Structures are given as C-alpha cells and as structure tokens.
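Trainee: This is the structure I have questions about; it appears just below.
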Amino acid sequence: MSELLYGSTRGTGGKVTASQAILKGLADDGGLFVPEEIPALPMSMRELASLSYQETALAVMRQFLTDFTEEELRACIDGAYDDKFDTAEIAPLREADGAYYLELFHGPTIAFKDMALSILPHLMVTAANKNQIKNEIVILTATSGDTGKAALAGFADVPGTKIIVFYPKDGVSPIQKKQMVTQRGANTFVVGIHGNFDDAQSSVKAMFGDGRLKAELDAHGCQFSSANSINIGRLVPQVVYYVYAYGRLLGRGAIADGEEINVTVPTGNFGNILAAYYAKLMGVPIGKLVCASNENRVLFDFFRTGAYDRNREFILTSSPSMDILISSNLERLVYRIAGNDADRDAAFMRSLSETGRYELTAAMREGLADFAGGFASERETAAEIRAVYERTGYVLDTHTAVASFVGRKYRETTKDDRKMVIASTASPYKFTRSVMEAIGGQYDGMEDFALADKLAELSGVPVPAAVEEIRTAEVLHRTVCEISEMETVVKSFLGV
Ligand SMILES: *Cc1c(COP(=O)(O)O)cnc(C)c1O
C-alpha cells in the first residue's frame with residue numbers, strides 16, 4: 001500500500017506521516033491536518049458486513065494510518081474496544097420509531113467521545129515510539145465536561161503518558177464533576193479553576209504556544225500533546241462506526257446492497273459528521289448528511305446561506321456538548337470545497353478570526369450539496385424525548401433528541417424516505433435531569449443519583465456501571481486554583 005501523507009489546510013508546505021500528524025495535533029501554521037486524498041474502502045460492503053467492530057476498525061484505519069503496521073493497529077484496537085464497553089457490539093444499532101439509532105455511548109464514560117478517546121492514547125504512544133520520541137507525552141486539556149472525562153478514562157495508566165485536565169469549578173454538572181474528581185490512575189491530574197471554560201481554554205492554549213515552557217519540559221523529559229477533537233487520531237476512529245452501521249443494516253437485511261441511507265448527526269465541533277462524510281467519500285452508500293444543531297444554530301445558518309457568522313449570542317442549552325459557536329472541524333470541509341486550496345482556506349479563517357465571519361462563493365456552495373442542516377429549539381428537543389418515549393418506551397438523551405427531531409423534520413419536509421441512521425451520542429443517564437423533566441415531572445430537590453434510579457424504573461434500562469461506580473467512589477482530586485496559577489500547577493505536577 002502506498003503511503004498516505006497529511007498536509008495542513010492552511011499551508012502548501014511539508015507533508016507529514018499519519019503518526020506525525022497524530023503527535024502534532026495541529027499543524028504549525030494553525031491549520032488542520034487533512035489526508036492528501038480520502039482512501040477507498042478496502043473491500044466490498046458485503047464483505048465488510050460480516051466483520052466485527054474491531055475487524056471493521058482495522059480495515060478502515062489501515063487505509064488512513066498507513067505508517068502503522070497491521071500488528072500495531074491491531075494492538076491499538078484491541079486495547080481500546082474491549083470490555084470497557086458494556087456490549088460486544090461496541091456500537092449497537094437500535095431500531096425505534098422509524099429510524100435507526102446508532103448507540104455510540106456504550107464506552108466507559110457513556111458518551112460518544114469514548115469511541116475515539118479510548119483508542120487515541122494507544123495511537124499516540126505507538127506514534128511516539130515510531131518517531132523515536134523518548135519524552136513522556138503530557139496531555140493538557142481544558143474541558144466543559146465530556147471531553148475531560150473521556151480523555152482521562154482513555155489515558156489513565158497508559159505507560160509513557162500523563163494527563164492534566166482543567167475544568168471550570170462551578171461550570172459542569174454534578175455528575176460530570178464527580179466523574180472527573182474520582183478518576184483513578186497515577187498519571188491523572190484533575191484541577192478545578194476559578195473561572196469559566198474559555199478562561200481554562202485560553203490558558204491551556206497559551207501554555208501550548210510557550211517556547212520557554214516547552215524547553216523547560218523537554219529538559220525534564222516531557223512534552224505536551226493534545227487530545228482535542230481536531231486531532232486526526234480522533235477523526236479516523238469515528239469513520240469506522242459509519243462503515244459498521246451500514247454493514248449491520250445490510251447484514252440484517254434492512255437494506256439492499258448499494259442502497260443509500262441518510263445519516264443525521266447532532267453537531268457541535270463538526271467532528272462526528274465530518275467522519276460520516278469521510279465514510280461516504282470512502283464509498284459507503286450514504287445519501288444526505290443531515291447536520292443537527294441546537295439553538296446555537298450557526299451551522300444551520302451556514303448550510304442555508306453559505307455564510308458562517310459567529311457574531312451572535314451564545315446560548316446555554318440542555319445539550320451543552322453542542323453549545324459551540326466556532327466549529328473547528330468545519331475547516332476541513334471548507335478546505336475541500338475550496339478545491340483543496342490552502343490559500344483560500346487560510347483567507348476564510350483569517351476573516352473568521354478578525355471579523356467573526358466569512359462567506360462562501362456560489363461555486364463553493366455547490367460543494368455543500370451532500371449536506372442538509374436543521375436545528376431544534378429547547379422546546380422541540382424536550383417534546384421529541386417525550387414523544388419517542390411515549391410511542392416506543394425508548395429514552396433519548398438531549399443531544400440525540402436534537403438529531404432525532406431534525407432527522408424526522410428532514411424526512412417530513414423533503415419526502416426523502418431513504419433509511420435514516422441517527423448518531424446517538426450520549427446515554428440518557430448522562431443528562432438525567434433534563435431527560436426526566438422532558439418526559440414529565442418536577443424533580444426539584446431530588447439529587448441526580450436518585451433521579452437515575454427513577455429513570456431506570458421508567459425506561460427498563462439499568463443504571464450504567466459508569467454511573468453506579470461514581471455514586472460511592474472516593475474523591476481523589478481536590479486541587480482548585482486561580483487562572484493565573486495554572487502554569488505553576490502544571491509544573492508542580494510534572495516536577496519541573
Ligand atoms: C461532543 C459531543 C457532540 C458534538 O460532536 P462534534 O463531533 O463536536 O460535532 C454531540 N453530542 C455529545 C453527547 C457530545 O459529547
């Protein structure tokens with residue numbers, strides 16, 4: 001197989017190997033790494049349909065990560081998709097209410113970020129060995145909730161790595177906080193800050209860009225890396241479950257070979273839906289990619305008008321992991337529809353950072369034809385949870401409900417009746433309060449774990465181990481600091 005190299009969306013400069021792109025995360029010019037071309041599926045969908053999740057992962061990831069040997073990839077996959085997931089299927093497809101819900105929440109933190117963050121540490125350590133990096137890899141992350149815990153779970157006790165997570169002390173849900181502060185693993189550090197997510201994120205970015213700090217760390221045998229969703233080591237593993245989902249539908253006779261399906265994805269940073277697009281480009285028969293937003297509908301407006309405009313109010317919703325106004329991974333799509341023209345992409349991104357806005361040309365807008373956009377208000381999201389529950393007994397989380405509503409509306413308004421797969425990105429147990437209130441009832445004064453028990457009665461789905469474990473788990477991380485102290489805290493953890 002010839003080697004697939006990666007270049008930056010903003011530069012015409014040097015290309016790097018897949019392992020180098022994973023280690024670097026972001027290109028030096030601030031652009032995102034993209035493969036020179038999207039590889040094709042290595043075998044027919046009929047053949048892929050007979051493979052397990054792990055075998056599908058190997059077949060797909062080999063096409064992208066060509067400087068990893070088959071043995072290396074196998075070891076990464078086996079280390080990631082094991083009994084940390086509560087089902088051997090890893091990503092089961094559940095038919096309910098006229099759609100297929102692709103459940104991506106069976107991993108250790110019951111949200112879809114586990115699909116990528118359980119394998120990223122293995123890819124990163126393998127990549128470090130391959131590139132003769134002797135330093136310890138230090139993952140530095142700011143989180144608004146979900147990413148932090150999924151990264152902690154992925155990197156805990158992985159030899160050759162440490163992970164430091166900063167979260168806004170008063171800005172995450174009680175269950176999210178408990179998930180993080182009870183994290184085991186001698187290489188994990190969790191710190192609350194007096195500040196909001198943006199404060200945490202800005203300080204983390206400043207540390208990444210600080211040459212003096214880099215040199216100090218290097219002298220102590222460590223270097224920073226990022227588990228951020230723009231890393232191709234997170235994107236590539238996400239392509240797998242769209243291939244797998246199509247295979248399952250084919251395998252159970254729900255579709256004919258070659259029949260196109262549609263996919264609706266609840267979207268924030270545009271990583272998950274971009275992976276679905278890459279699956280389509282590889283040859284999976286996917287028709288429309290429906291991009292579902294909550295009330296932060298910047299992407300809906302983008303698909304409707306061709307203008308990306310972040311100059312708007314930031315709205316806190318019941319689907320917080322989609323409360324995003326700068327959708328980082330969209331840059332990879334913009335680059336592609338600009339004809340892989342790095343100069344044009346760089347000009348758009350400059351305009352975004354200077355004015356908060358850019359507008360596609362008419363020709364570029366034609367490149368968006370594979371996509372449709374939609375959004376759900378808070379009221380529509382809650383009504384969707386209730387309606388699906390009442391009709392079928394199946395309970396959706398708030399993020400999945402946004403997609404479910406948007407997918408349904410898409411079908412009704414377009415009469416496009418191709419089978420619909422809905423990416424189901426979190427367990428309802430992660431957002432128990434919003435889900436229970438949507439179904440109906442007042443739960444003021446009831447604490448979150450008691451609410452989880454109520455949800456179990458109502459849905460017949462047992463409380464997941466991920467929630468049971470933290471109910472009584474010991475708090476292991478008590479550090480809290482000011483924003484100005486973050487660098488000092490990092491250095492003291494690392495003994496620098
Ligand atoms: C992160 C997240 C999303 C958004 O995914 P993107 O890849 O950022 O578009 C949706 N739902 C849940 C539950 C998430 O954690």
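Taken together, the values in this text are just the output of simple stated rules run on the coordinates, not laboratory data. Only a predicted model underlies this, so the values are computations on that prediction, with no experimental measurement involved. Every residue, glycine among them, receives a Cβ derived from its backbone with ideal geometry; neighbour counts consider all protein chains shown.
Trainee: Return the sequence-ordered ³J(HN,Hα) values of the stretch 30-38 in whole Hz as given by the Karplus equation 6.51 cos²θ - 1.76 cosθ + 1.60 applied to θ = phi - 60°, using x for Gly and Pro.
Mentor: In residue order, the calculated couplings are x, x, 9, 6, 10, x, 4, 8, 7 Hz.
Trainee: Okay, next question. For T264, list long-range residues whose amide hydrogen, built 1.01 Å from N in the peptide plane, is under 5 Å from its own amide hydrogen.
Mentor: Here V290, V421, I422, A423 satisfy the definition.
Trainee: Kindly identify the stretch 121-247 as rounded, prolate or oblate by the Cα gyration tensor criterion: order the square roots of the eigenvalues as a ≥ b ≥ c, call it rounded if a/c is under 1.5, otherwise compare a/b with b/c, prolate if a/b is larger, else oblate.
Mentor: Here the stretch 121-247 falls in the oblate category.
Trainee: Given H placed 1.01 Å from N in the peptide plane, which residues other than close sequence neighbours of I139 have an amide H under 5 Å from its amide H?
Mentor: Close amide H contacts, sequence-distant or interchain: K162, I163, I164, S225.
Trainee: Once amide H atoms are built 1.01 Å from N in the peptide plane, which residues 5 or more positions from G373, or in another chain, come under 5 Å H to H?
Mentor: For G373, whose amide H was placed from the backbone, the distant partners under 5 Å are C291.
Trainee: When the helices in the chain are scored as -39500 (n - 2.57) per DSSP H run of 4 or longer and the sum is shared across all residues, what 222 nm value do you end up with, to the nearest 500 deg cm²/dmol?
Mentor: -13500 deg cm²/dmol
Trainee: Turning to a different aspect of this structure: Would you mind ranking L117, L333 by Cβ crowding within 10 Å, fewest neighbours first? If you can, show how the numbers build up before the last one.
Mentor: Working: L117 28, L333 20.
Sorted ascending by nearby Cβ count, the order is L333, L117.
Trainee: Which entries of K15/K205; K84/K149; K134/K214; K84/K419; K113/K149 have Cα-Cα distances beyond 19 Å here?
Mentor: Exceeds cut-off: K15/K205; K84/K419.
Trainee: Treat each spin label as a single point 7 Å out from the Cα along the C-beta direction, and report the K169 to S377 distance in nm.
Mentor: Between K169 and S377, the label points sit 3.8 nm apart.
Trainee: Obtain the nm distance between the two label points defined at I315 and D453 by a simple spin-label model: each point lies 7 Å from its Cα along the Cα-to-C-beta direction.
Mentor: Result for the modelled spin labels: 3.6 nm.
Trainee: In whole Hz and in residue order, list the ³J(HN,Hα) couplings for the stretch 133-144 that follow from phi through the Karplus curve 6.51 cos²θ - 1.76 cosθ + 1.60, θ = phi - 60°; x for Gly and Pro.
Mentor: 8, 8, 4, 6, 8, 10, 7, 10, 9, 9, 9, 9
Trainee: Still on this structure: From the mean inverse distance of alpha carbon pairs (Kirkwood) and the Cα radius of gyration, derive Rg over Rh for the stretch 31-77. Provide the component values of the computation, followed by the final result.
Mentor: Numbers: Rg = 11.8 Å, Rh = 11.7 Å.
Rg divided by Rh gives 1.01.
Trainee: Would you work out if the chain is rounded, prolate or oblate? Take a ≥ b ≥ c from the square roots of the eigenvalues of the alpha-carbon gyration tensor; rounded if a/c is under 1.5, else prolate when a/b is larger than b/c, oblate otherwise.
Mentor: The shape class here is rounded.
Trainee: Please work out whether the stretch 280-425 counts as rounded, prolate or oblate from its C-alpha gyration tensor, where a ≥ b ≥ c are the square roots of the eigenvalues and a/c under 1.5 means rounded, while otherwise a/b larger than b/c means prolate and anything else oblate?
Mentor: Cα axes put the stretch 280-425 in the oblate bin.
Trainee: Next up: What's the longest uninterrupted piece of the chain once you rule out the chymotrypsin sites (Phe, Trp or Tyr not before Pro) that are loop residues per DSSP with at most 15 other Cβ within 10 Å?
Mentor: 1-313
Trainee: If you don't mind, there's one more thing I want to ask. So if we plug the beta-carbon distance of E37 and H220 into 1/(1 + (r/R0)^6) with R0 = 25 Å, what FRET efficiency do we get, rounded to 0.05?
Mentor: Plugging the Cβ-Cβ distance into 1/(1 + (r/R0)^6) gives 0.05.
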